[in-house]
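S.K.: Take this structure first; my questions come after.
Every number in this text was worked out from the coordinates using simple rules, so none of it is lab data. The model shown is predicted, which means the values in this text are computed figures rather than measured ones. We place every Cβ from the backbone using ideal geometry, glycine too, and count neighbours over all the protein chains shown.
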Amino acid sequence: MDTLLTLNGHTSDLGGGFVVRRLLPAAKRQAVGPFIFFDHFGPMVLSPEADTDVRPHPHIGLATVTYLFEGAMMHRDSLGTVQRIEPGAINWMTAGRGIVHSERTPEDLRHVARPTHGLQLWVALPQSQEDCEPRFAHTAAADIPQVDLPGATVRVLAGQAWQATSPVEAASPTLYLDVQLDAGQALPLPALAEEMAIYSVDQPLMLDDTLLAAHTMAVLAGAARIRNCGDSGARFVVIGGAPLDGPRFIWWNFVSSQKDKITQAGQDWEAQRFASVPGEHERIELPSKRPW
């Protein structure tokens, strides 16, 4: 098997001890299919004093995809959506021409030690849909199809795999799988998308004869055999889909095929021209270094 490349990513503290591993975008690879941003946070247990709330902030030109393994967060956005996000559900927020949202600790968890573990990904919208109307879609864990294979369980979060189709609607061909592989077992992974990558969530895996370290992403050239050589179950995710219809510019929370749209979005946020989140009275200001 040939891997196009391996991405080790880097860690970043977002505040309050909330550390993420960021795999995309990378210097050597901007995106895999439509996925242009890949953050893995946890597993960690946050103290009752930890303030990890993400105050209101804007997005354009992308969709955020939030998926939890442990914990809970409360999503609010400028459409008036209020949604508790819990493990196993897919929460897909399409920013389009512009949306504002916050992610806070639910009130019932605010004064206790709380585990958190999950992924937040961004999907770049096709150029024809970058200015679409914003929207939010919650797909409950019970509605995500699960495929039971010998030695493995696959949840089809987006796209199609093993004759199962996710109900999650994406703007372009998209693949997103959550796979749990038993100790000593192997899974033949077909070429399910034009572009495809695997990320090891918790422990090393073998991709054919190549070792993939934990917390590492490998961009695949095609089908591969994934083997768990450990003494306990392993978890990995598969992402991919159709290639982007051109490069994207990324600055702060904005993604676009056109630089001037990012400049305009930044100026609009600074001038408070974005819609507000009902009930919120805080906001994250623009970074001091501007792209204009």
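S.K.: Measuring from label point to label point, each 7 Å out along Cα→Cβ, what is the residue 249 to residue 45 span in nm?
M.R.: The answer from the label model is 4.7 nm.
S.K.: What is the angle, in °, between the Cα long axis of helix 259-270 and the longest principal axis of the Cα atoms in the chain? Nearest 10 is fine, range 0 to 90.
M.R.: In the chain, helix 259-270 runs at an angle near 50 degrees to the longest axis.
S.K.: Under 5 Å between amide hydrogens, which residues at least 5 positions from residue 24 or on another chain qualify, with H placed 1.01 Å from N in the peptide plane?
M.R.: Correct list: 38.
S.K.: Rounding to the nearest 20 debye, state how big the charge dipole of region 128-276 is about its Cα centre with +1 on each Lys and Arg Cβ and -1 on each Asp and Glu Cβ.
M.R.: Working: 9 positive and 18 negative charges, 22 e Å.
Rounded to the nearest 20 debye, it is 100 debye.
S.K.: Further question on the same structure: Report ³J(HN,Hα) in whole Hz for each residue of region 231-238, in order, from the Karplus equation J = 6.51 cos²θ - 1.76 cosθ + 1.60 where θ = phi - 60°; Gly and Pro get x.
M.R.: 9, 9, x, 10, 10, 8, 10, 10
S.K.: Now for a different question. If I take every Cα pair under 8 Å that is 6 or more residues apart in the chain, average their sequence separation and divide by the length, what percent do I get for the relative contact order?
M.R.: Relative contact order, the chain: 21 percent.
S.K.: Under 12 Å from the Cβ of residue 14, count the other residues' Cβ atoms, weight Lys and Arg +1, Asp and Glu -1, and hand me the total.
M.R.: Numbers: positive: 21, 22, 55; negative: 13, 39, 51, 53, 103.
Once all neighbours under 12 Å are counted, the net charge is -2.
S.K.: Decide, for region 175-274, between rounded, prolate and oblate: order the square roots of the alpha carbon gyration tensor eigenvalues as a ≥ b ≥ c, take rounded if a/c falls under 1.5, and otherwise choose prolate if a/b is larger than b/c, else oblate.
M.R.: Here region 175-274 falls in the prolate category.
S.K.: With a sphere of radius 13 Å drawn around the Cβ of residue 74, what net charge do the other residues whose Cβ falls strictly inside it have (Lys, Arg +1; Asp, Glu -1)?
M.R.: -1
S.K.: Here's something else I'd like to know. Gaussian network model of the chain, Cα springs within a sub-10 Å range: biggest mean-square fluctuation belongs to which of 268, 39, 77?
M.R.: Of 268, 39, 77, the most mobile in the Gaussian network model is 268.
S.K.: Continuing with the same structure: Give me the net charge for the shell around residue 124: Cβ to Cβ below 11 angstrom, other residues only, Lys and Arg +1, Asp and Glu -1.
M.R.: Numbers: positive: 248; negative: 130, 245.
Neighbour charge sum, excluding residue 124 itself: -1.
S.K.: Taking just the alpha-carbon atoms of the chain, what radius of gyration and Dmax come out, in angstrom?
M.R.: 18.7, 57
S.K.: What is the calculated FRET efficiency for residue 267 to residue 231, with r their C-beta to C-beta distance and R₀ = 45 Å, to the nearest 0.05? List each step's numbers first, then the result.
M.R.: On the way: r = 55 Å, r/R0 = 1.22.
The value I calculate is 0.25.
S.K.: Sorted by packing (mean other beta-carbon atoms within 10 Å per residue), highest first, where do 199-209, 52-62 land?
M.R.: Descending mean neighbour count gives 52-62, 199-209.
S.K.: Could you work out how far apart the two model spin labels at residue 223 and residue 14 are, taking each label as a point 7 Å from the Cα in the direction of the beta carbon, and quote it in nm?
M.R.: For the pair residue 223/residue 14, the computed spacing is 3.8 nm.
S.K.: Give me a comma-separated list of calculated 3J(HN,Hα) values for region 89-94, in order, Karplus coefficients 6.51, -1.76, 1.60 applied at θ = phi - 60°, integers in Hz, x for any Gly or Pro.
M.R.: Karplus values, whole Hz, x for Gly and Pro: 8, 10, 10, 10, 10, 8.
S.K.: Also: State, to one decimal in nm, how far the label point of residue 28 lies from the label point of residue 169, with both points 7 Å from Cα in the Cβ direction.
M.R.: Using points 7 Å along Cα→Cβ, the separation is 3.9 nm.
S.K.: Determine the gain in length on full extension of the stretch residue 140-residue 6; use 0.36 nm per residue of separation and subtract their C-alpha separation, reporting nm with one decimal.
M.R.: Between residue 140 and residue 6, full extension yields 45.0 nm more.
S.K.: Please give the FRET efficiency for residue 258 paired with residue 55, using the beta carbon to beta carbon distance and R0 = 30 Å, rounded to the nearest 0.05.
M.R.: On the way: r = 27 Å, r/R0 = 0.91.
About 0.65, to the nearest 0.05.
S.K.: Run the paramagnetic zone check for residue 107: 7 angstrom along Cα to Cβ, then residues of region 70-88 with backbone nitrogen under 19 Å.
M.R.: So the set is 72-77, 80-86.
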